[in-house]
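The values are calculated or read from the model by the stated rules, or taken from the named source; none is laboratory data. What you are looking at is a predicted structure, and each value in this text was computed from that prediction instead of being measured. Cβ coordinates were reconstructed from backbone atoms using ideal geometry, including for glycine residues, and neighbour counts include every protein chain displayed.
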Ligand code: FAD
Ligand code: NDP
């Protein structure tokens with residue numbers, strides 16, 4: 001490429017950015033993409049992918065234990081944390097290379113540098129100072145973990161560092177009650193740490209269905225995770241054998257690591273957005289319309305930097321749509337309804353559609369179907385374990401409004417339920433589907449007795 005004129009300049013080589021760049025290039029556009037850290041972005045380098053690998057690692061402990069109930073004898077297995085971290089690193093390095101090659105094979109020019117916006121159609125490459133003229137700019141810079149302001153916070157870690165800890169934390173305290181805090185509490189408990197989860201509210205996973213929140217809290221407590229509710233940290237100190245953290249509720253917690261997972265903020269600092277006139281909201285997310293257009297006509301934004309639904313598949317869909325809209329004459333908008341999502345805790349939560357409280361706020365009559373059972377595997381393993389499934393149905397149209405599952409395979413089930421709900425399935429459709437036996441999922445099509453009906457007068 002001659003260097004300084006492109007049809008599309010993409011800032012950020014994460015989920016949204018790489019998809020937009022590749023698709024734009026496939027439509028014949030001249031594309032340059034800048035990535036300041038590692039290709040693949042949060043999801044590949046320090047998010048979904050390494051997280052799921054650690055989730056797999058963490059589940060072996062219970063598998064080893066459960067095996068005894070099925071006749072296996074075993075020796076006490078041990079974890080080599082360094083070997084796990086090294087294996088994880090090899091895999092994400094492989095993926096990083098694959099992302100780089102996919103871009104290059106698609107004809108995208110990848111520059112490994114920070115990029116900043118100079119004006120509505122100019123981007124500056126920070127490493128060389130080169131200015132690139134662009135007909136369109138796409139900001140796909142993602143987000144970063146929030147840290148609180150409190151004495152000793154510099155001793156604490158967040159999700160950026162947790163994947164590469166030099167030594168395994170035998171005791172870890174995790175602050176937060178959202179996806180990341182809950183997932184890492186499960187990971188470290190499974191790997192053998194003594195885990196405390198500290199959350200400011202009345203129960204973890206605000207925004208999820210109540211039955212899932214209660215079910216997971218109970219399951220975590222059964223697994224030995226200590227959950228401190230209605231409390232926050234006030235200070236952290238280094239001690240001779242680790243860290244000592246004080247809470248507003250008067251507790252002193254001793255740990256090898258203190259991790260904050262208290263939300264993320266859009267990466268917009270020093271990006272030149274204000275100079276270019278790009279409007280931000282109160283949380284400093286870029287304001288976009290339904291076509292991901294910012295307040296500046298030549299500048300677009302997708303993914304976490306817009307703080308719409310902060311999930312990888314959403315960022316990918318948004319990036320793809322921007323490329324199609326700009327370079328193939330399409331007018332695609334994203335449908336944000338019924339997005340399936342999972343919390344990769346152990347046990348796992350899988351969910352799609354409305355929670356019970358959302359359904360009751362939006363629909364006149366809501367029927368609730370609930371199953372709470374001991375999964376078959378637990379009979380021989382002897383593990384005290386429950387699987388909870390819940391369907392919310394519109395009492396007037398019979399349409400299924402929400403499906404919530406706590407238990408093994410919940411995430412995988414929710415992906416399929418997402419299709420079912422996109423097609424507008426009714427409870428009668430579930431009922432006339434033949435059960436697959438023996439499975440946990442068969443409960444979804446055999447829940448005949450309504451647990452409750454809520455009717456607004
Ligand atoms: P990102 O993937 O964050 O990419 C942004 C890129 O821009 C980064 O590589 C960054 O280095 C680069 N960048 C920033 N500023 C500049 C600049 N000025 N110049 C050049 N480059 C720049 N989502 C799921 O769907 N499922 C999960 O299981 C899941 N697990 C997660 C676990 C964790 C621990 C975390 C933190 C997130 C998880 N997510 C998950 C969320 C998911 O990672 C994000 O929603 C997704 O990565 C957003 O994609 P993006 O393109 O908006 O940004
Ligand atoms: P979340 O927004 O999910 O959760 C943040 C948590 O931190 C909430 O419990 C919140 O409490 C709490 N919190 C916020 N501010 C403070 C504070 N000042 N002090 C104490 N607690 C605080 O953010 P995460 O960081 O967990 O994850 C970021 C996003 O990444 C997720 O929302 C999700 O979109 C994505 N993600 C998706 C995953 C998946 O799909 N499996 C996995 C991991 C991340 P409160 O509820 O009271 O506000």
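For the reader, a short list of remarks on this structure follows.
- Checking each residue in segment 232-263 for being surrounded by 22 or more Cβ atoms within 10 Å (Cβ to Cβ) and within 16 Å of residue 167 (Cα to Cα) picks out 255, 257, 258, 259.
- Single unsatisfied condition, residue 361 versus (1) farther than 21 Å from residue 56 by Cα; (2) buried (at least 19 other Cβ atoms within 10 Å of the Cβ); (3) away from ligand 1 (no atom under 16 Å from the Cβ): (2)
- When 334, 388 are checked against the criterion of being outside any helix (DSSP H, G or I) and within 14 Å of ligand 1 (Cβ to nearest atom), 334 stands alone in meeting it.
- Matching option when the condition is surrounded by fewer than 17 Cβ atoms within 10 Å (Cβ to Cβ) and either under 18 Å from residue 264 (Cβ atoms) or within 15 Å of ligand 2 (Cβ to nearest atom) (or both), among 284, 317: 284
- Candidates 305, 309, 288: the one that is more than 22 Å from residue 6 (Cβ to Cβ) and either assigned by TED's automatic domain parsing to the domain that holds residue 29 or touching a strand residue (DSSP E or B) at 6+ places or on another chain (Cβ under 9 Å) (or both) is 309.
- Scanning segment 170-188 for residues that are surrounded by fewer than 23 Cβ atoms within 10 Å (Cβ to Cβ) and more than 13 Å from ligand 2 (Cβ to nearest atom) yields 170, 171.
- Out of 331, 337, one residue alone is closer than 30 Å to residue 219 by Cα, surrounded by fewer than 17 Cβ atoms within 10 Å (Cβ to Cβ) and away from ligand 2 (no atom under 16 Å from the Cβ). It is 337.
- For segment 138-160, the set of residues classified as surrounded by fewer than 19 Cβ atoms within 10 Å (Cβ to Cβ), in contact with a helix residue (DSSP H, G or I) (Cβ under 9 Å, 6 or more places away or on another chain) and over 30 Å from residue 289 (Cβ atoms) consists of 147, 160, listed by residue number.
- Checking each residue in segment 388-424 for being without any contact (Cβ under 8 Å) to a residue 24 or more places away in the chain and over 21 Å from the mean Cα position of the chain (by Cα) picks out 420, 423.
- Test result for residue 385, more than 16 Å from ligand 2 (Cβ to nearest atom), within 26 Å of the chain's Cα centre (by Cα), in the same structural domain as residue 448 (by TED's automatic domain parsing) and modelled with pLDDT under 95: yes
- Segment 197-212, residues that are over 22 Å from residue 402 (Cβ atoms) and either within 16 Å of ligand 1 (Cβ to nearest atom) or surrounded by fewer than 23 Cβ atoms within 10 Å (Cβ to Cβ) (or both): 197, 200
- Test: residue in segment 54-73 that is within 11 Å of ligand 1 (Cβ to nearest atom) and touching a residue at least 12 places away in the same chain (Cβ under 8 Å): yes
- Test result for residue 77, within 10 Å of ligand 1 (Cβ to nearest atom) and touching a helix residue (DSSP H, G or I) at 6+ places or on another chain (Cβ under 6 Å): no
- Top-ranked residue in segment 420-457 [being touching a helix residue (DSSP H, G or I) at 6+ places or on another chain (Cβ under 9 Å) and assigned to a helix (DSSP H, G or I); ranked as farthest from residue 398 (Cα to Cα)]: 441
- Answer from 309, 302 - the residue that is at pLDDT 95 or above and surrounded by 19 or more Cβ atoms within 10 Å (Cβ to Cβ): 302
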